[in-house]
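Peer 1: I'd like to ask you about the structure that follows.
The values are calculated or read from the model by the stated rules, or taken from the named source; none is laboratory data. What you are looking at is a predicted structure, and each value in this text was computed from that prediction instead of being measured. Cβ coordinates were reconstructed from backbone atoms using ideal geometry, including for glycine residues, and neighbour counts include every protein chain displayed.
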Amino acid sequence: MITTLHPMLNVAIKAARAAGAIINRAALDVESVRISQKQVNDFVTEVDQASEQVIIETLLTAYPDHGILAEESGTTHGNPNSEHVWCIDPLDGTTNFIHGFPFYCVSIALISHGKIEQAVVYDPTRNDLFTATKGRGAFVNDRRLRVSKRIRLNECLVSTGFPFRPGDDFPTYLQMMSEVMQRTAGIRRPGAAALDLAYVAAGYTDAFFETGLHPWDMAAGALLVTEAGGLIGNFTGESKFLEHRECLAGNPKVYAQLVPLLQRFSKFASTSEKATVRPSVLTLHSEKENKPSA
């Protein structure tokens, strides 16, 4: 049970719920929502923009000196020189939303001095609120989150995201998916990376991997995973996944088995790394920080 929420997390929750209300209202008549195409298969709606606006207004009203990194408006709001940056995806899973497929979310994270300190992933269709504060654990609503305890890869359910943009390396992704699919109980592609990561934190899935992601897709979900006892990194096990735009997350045992499968597909692996297993895996937090508070 959450006792006292961090003040900054409280503000992020307020922002996420306000955005969720906008999304839910629009979902009642999704066919009337105006849609634009940023590039092939990459859409933005007026709902994304309205959701982002209310989030930014809520955050900057409380913390006017903070910076903003948002999917639709970039860094045009807030203080560009701040050590405290809110990383925002106002509607992760826009394509799902447009089709009425009920798997999308609001994602908000606070990055302070380069470390993810606060996280909110809000699923407005189910009213599920995933939250985390660094060092205080992760929760969904009032329930403490822990990653799954499965250790056998052939019993695991793994989520992913398929490439969909022009220029994406489809053949390589098919190889990756083949490596994982043949060794696991199943692969799922729900279509919203932030919520995929929240599901890893909750133990609903055992792992997640995807390339081509942006920081706003991963930041909040990453803190949820590590605070729930999981590991997250790029495909070689390095901790710079936000910059590298490739993400692998899972419970520690499963993560350790997926790194050697996926590392040869990483853009950041050396020739020797593509052929060998890394001796260790890195994460945002130490093992000590992942332990629940007494």
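Peer 1: If you scan segment 168-191, which residues turn out to be within 22 Å of R152 (Cβ to Cβ) and touching a residue at least 60 places away in the same chain (Cβ under 8 Å)?
Peer 2: Across segment 168-191, the qualifying residues are M176, E179, V180, R183.
Peer 1: Which of the residues spanning segment 219-254 are surrounded by fewer than 24 Cβ atoms within 10 Å (Cβ to Cβ), at pLDDT 95 or above and in a loop (DSSP other than H, G, I, E, B)?
Peer 2: The answer is G229, and nothing else.
Peer 1: In segment 160-197, which residue that is under 20 Å from Q257 (Cβ atoms) and charged (D, E, K, R) is modelled with the lowest pLDDT?
Peer 2: So the residue we want is E179.
Peer 1: Filter segment 68-87 down to residues that are touching an Asp or Glu at 6+ places or on another chain (Cβ under 8 Å) and closer than 13 Å to I111 by Cα, then give me how many there are.
Peer 2: Number satisfying all stated conditions: 3.
Peer 1: Something else about it: How many of the residues making up segment 94-103 are outside any helix (DSSP H, G or I) and in contact with a Pro (Cβ under 8 Å, 6 or more places away or on another chain)?
Peer 2: 1
Residues are listed down the side, and each one gets a yes or a no for (1) in contact (Cβ under 8 Å) with a residue 60 or more places away in the chain; (2) not acidic (D, E):
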site	(1), (2)
E71	yes, no
S82	no, yes
A109	yes, yes
T125	yes, yes
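Peer 1: Can you name the strands (runs of 3 or more DSSP E) wholly within segment 105-200 that have at least 3 residues being touching a strand residue (DSSP E or B) at 6+ places or on another chain (Cβ under 9 Å) and buried (at least 16 other Cβ atoms within 10 Å of the Cβ)?
Peer 2: On the way: elements: 105-112, 115-123, 128-133, 138-140, 157-160, 186-188.
Those strands (runs of 3 or more DSSP E) span 105-112, 115-123, 128-133, 138-140, 157-160.
Residue-wise test of (1) surrounded by fewer than 20 Cβ atoms within 10 Å (Cβ to Cβ); (2) in a strand (DSSP E or B); (3) free of Cβ contacts under 8 Å to residues at least 12 places away in the same chain.
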site	(1), (2), (3)
T4	yes, no, yes
M8	yes, no, no
I13	yes, no, no
A19	no, no, no
I22	no, no, no
V44	yes, yes, no
E57	yes, no, yes
T76	yes, no, yes
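Peer 1: Restricting the search to segment 194-210, which residues are without any contact (Cβ under 8 Å) to a residue 60 or more places away in the chain and of a type in the set (G, A, S)?
Peer 2: First, pick out the residues of segment 194-210 that are without any contact (Cβ under 8 Å) to a residue 60 or more places away in the chain: 196, 199-200, 203-210.
G203, A207, listed by residue number.
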